[in-house]
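The block underneath contains the structure these notes are about, expressed in structure tokens.
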Amino acid sequence: MGSILLVAAWLAIGDAPADDAAQVITDTPDYCAQLRAEVQEEMDVAATAKPAANPEARAPMLAEVDSLAKEGGRLCAAGKVRGGIIRLRRALTLMHESPPHGGE
Amino acid sequence: MPAPPPALPRARRIGIASGHAGRLRWPRGLLRSAGLRFAGLYAALFGLSALALVLFLWWDTAALLDRQVDAAIRADAQGLNERWESGGLPALILTIRERLAENIDDDAIYMLVDNTGRRLAGNLDRWPPGITTDDDWYEMPIVRDRVRSLARVHNFALPGGFHLLVGRDVEARVKLRRILTDAMLWAVLVVAGLGGLGAFLVRSVLRGMLADISRTTAAIGAGDLTRRVRLSGRGDEFDRLAETINDMLERISRLMEGVRAVSNAIAHDLRTPITRARTRLEDALAHADAAADLRAAIERAEADLDGIVAVFQAILRIAEIEAGARRSAFSPFDLVPVLGDLAELYGAVAEERGLTFIFRSPAALMLFGDRDMIQQAVANLLDNALKFSPPQGEIRLLAESQGRIVRITVTDQGPGIPEAERARVTERFYRGESARTTPGSGLGLALALAVAQLHDGTLTLTDNAPGLAATLNLPGQED
């Protein structure tokens, strides 16, 4: 039943006025800039935090986060907002998966 | 709560014209065609199998994706609810922001509003139109980066008049479903085509195989009993059917030939005694001077007519035996006294004719059958032996038991029966070359064979060198 409703709704999209549909606001350059700032803030926190139990293990991760953040910012600036946002989200996820104090 | 927005676009109703377009009429011959029914059955089975496969594939792909989306939304909502219960509104807002920030799949939809409809968190610019019922599922259009898309969401009511929308962008899944639907529609067309082609082939093959049977039986129905069904040589079910039909036709042909032969034999064998009786009566009528002469002529004619009646009785008896009607008279009995009586009777006749008669048997031989019938069959064999024995010849009546078989053998030293004729002498009215000059009806061995078969036994004729050995092989009584 759910499938039928979904297909019917999909078929009906063509008839729906664009004004009726809600707009997703996490696909915008503003959100991209917001994410970029969050990543930078997390990287700054990581840089000023107490040394981790195993700083050598975090270095490649931080390098990848930095790379993703720069690439995301570049894509957003180039108008490829969704691609840029996805990279920034990856960067944030990487940061959160590896806390600065090694879980101590 | 925001004001109720316009209703979601509705699926358009497709009108179906009603009314009587006239009853579809099928040709009657087509409906009666077994080939068409088999073809239809094949097409139906093929179609059902394909439909089952398509439904399974649909369930395993598109429907699975839908179930996965619903499960992800429920799990997501459960986590948010726990955050709401533990940290209240601030914790919930923070969690939504974090989840949006880490939504690598870029498909999450969140919207948290207060009791005035003001947006507190989430990634929709406003409360979507059409979402008015709490704790319900919706499919709704959204716009992402100026591109229209489709989302599946669930509306949760929170304490304090807050409302939380949790969902997923399912545009990619819808596209995949569309591809699957297209593929399945094409598959249905291909299946219908293949089913139709297969049904046509099945019908053609069936018609081809039955056509020869139909032609043959039609020709036989028209009187040509020589026709037979052609075998393909594949040894399949149709070949076995053709063999069975051909066997049946052979048997019918033999029976027809037998009926013809018996009719001819009856006409031929009875014409002589009837003509003789008529001649005697005419002669007596014309020439007899005294009552004694007339009486003698009538007595001779009566004897001739008795002979004719005896022939008819023998024919009827054989028919009765072959029909198995006498099985109800079966009972266990000792064969030796029966053979002893016959030996006494025929031994006396043999002695009168200067023949030697030898009778050997064990003390007892138990049989289960019709005593009178077996006695009649052995008597017929002894009649033949007496009839064909040369002067000073020897006749033997031997009975023995070999395993569970009881053998009764009558031998003589007459001319015997050539091997080529042995199979035919048991036919009714058949008389071999050596028997043409001797009196008889040609029914004695036919009756003996019928009796043997009635008792699930056999009658074998072998060379006695010289003479004939006729053996009745009968199953003995089981203990």
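The values are calculated or read from the model by the stated rules, or taken from the named source; none is laboratory data. Remember, it's a predicted structure, so these values are computed and weren't measured experimentally. Note that we place each Cβ from the backbone using ideal geometry, even for glycine, and neighbour counts take in every protein chain shown.
Which ones in segment B:322-362 are polar (S, T, N, Q), more than 12 Å from B:Ile374 (Cβ to Cβ) and within 48 Å of the chain's Cα centre (by Cα)?
Correct list: B:Ser328 only.
List the number of the failed condition for B:Ser18; all other conditions in (1) part of a helix (DSSP H, G or I); (2) modelled with pLDDT under 85; (3) among the hydroxyl-bearing types (Ser, Thr, Tyr) hold.
Just one mismatch for B:Ser18, condition (1).
Among the residues of segment B:105-118, is there at least one that is within 60 Å of the chain's Cα centre (by Cα) and closer than 26 Å to A:Thr28 by Cα? Outline the logic, then answer.
Taking segment B:105-118 first, the residues within 60 Å of the chain's Cα centre (by Cα) are none.
No.
Sort out which residues of segment B:376-415 are under 20 Å from B:Leu447 (Cβ atoms) and assigned to a loop (DSSP other than H, G, I, E, B), and write them in order of number.
Residues of segment B:376-415 under 20 Å from B:Leu447 (Cβ atoms): B:376-388, B:395, B:397, B:399, B:406-412, B:414.
Hits for segment B:376-415 are B:Asp412, B:Gly414.
With respect to A:Arg36, determine if the residue is assigned to a helix (DSSP H, G or I), among the charged types (D, E, K, R), surrounded by 12 or more Cβ atoms within 10 Å (Cβ to Cβ) and modelled with pLDDT of 80 or more.
It is true that A:Arg36 is assigned to a helix (DSSP H, G or I), among the charged types (D, E, K, R), surrounded by 12 or more Cβ atoms within 10 Å (Cβ to Cβ) and modelled with pLDDT of 80 or more.
Consider segment B:172-193. How many of its residues are more than 49 Å from the chain's Cα centre (by Cα) and surrounded by fewer than 19 Cβ atoms within 10 Å (Cβ to Cβ)?
Of the residues in that region, 3 qualify.
Identify, from the list B:Ser214, B:Ser232, B:Ser204, the residue that is assigned to a loop (DSSP other than H, G, I, E, B) and hydroxyl-bearing (Ser, Thr, Tyr).
Residue meeting the stated conditions: B:Ser232.
Just to be sure before I move on: is B:Asp134 in contact (Cβ under 8 Å) with a residue 24 or more places away in the chain, under 27 Å from A:Glu38 (Cβ atoms) and surrounded by fewer than 22 Cβ atoms within 10 Å (Cβ to Cβ) in the structure I sent?
No, not satisfied.
Looking only at segment B:138-152, filter to residues that are within 7 Å of chain A (Cβ to nearest Cβ) and farther than 16 Å from B:Val166 by Cα; which one of those is farthest from the chain's Cα centre (by Cα)?
Checked segment B:138-152; the qualifying residue farthest from the chain's Cα centre (by Cα) is B:Asp145.
Restricted to segment B:279-290, and to residues that are part of a helix (DSSP H, G or I) and free of Cβ contacts under 8 Å to residues at least 24 places away in the same chain, which residue is farthest from the chain's Cα centre (by Cα)?
The qualifying residue farthest from the chain's Cα centre (by Cα) is B:His287.
Can you tell me which residue is farthest from the other protein chains (Cβ to nearest Cβ) among those in segment A:74-96 that are among the aliphatic types (A, V, I, L, M) and over 20 Å from A:Ala47 (Cβ atoms)? Please lay out each step first, then the result.
Our first condition is that a residue be among the aliphatic types (A, V, I, L, M); within segment A:74-96, this holds for A:75, A:77-78, A:81, A:85-86, A:88, A:91-92, A:94-95.
Within this subset, residues satisfying the condition of being over 20 Å from A:Ala47 (Cβ atoms) are A:75, A:77-78, A:81, A:85-86.
Values: A:Leu75: 13, A:Ala77: 16, A:Ala78: 14, A:Val81: 6, A:Ile85: 7, A:Ile86: 6 Å.
Going through the qualifying residues, I end up with A:Ala77.
If you scan segment B:311-359, which residues turn out to be outside any helix (DSSP H, G or I) and hydroxyl-bearing (Ser, Thr, Tyr)?
Correct list: B:Ser331, B:Thr356.
Could you tell me whether B:Phe368 is in contact with a Pro (Cβ under 9 Å, 6 or more places away or on another chain) and not β-branched (Val, Ile, Thr)?
yes
Among the residues of segment B:291-308, how many are of a type in the set (A, V, I, L, M, F, W, C), closer than 9 Å to B:Ala277 by Cα and over 60 Å from the mean Cα position of the chain (by Cα)?
Of the residues in segment B:291-308, 2 are of a type in the set (A, V, I, L, M, F, W, C), closer than 9 Å to B:Ala277 by Cα and over 60 Å from the mean Cα position of the chain (by Cα).
What do you reckon, is B:Leu355 in contact with a Gly (Cβ under 6 Å, 6 or more places away or on another chain) and farther than 27 Å from B:Glu427 by Cβ?
The answer is yes for B:Leu355.
Output the number of residues of segment B:97-120 satisfying the condition of being outside any loop (DSSP other than H, G, I, E, B) and either within 11 Å of chain A (Cβ to nearest Cβ) or among the aromatic types (Phe, Trp, Tyr) (or both).
10
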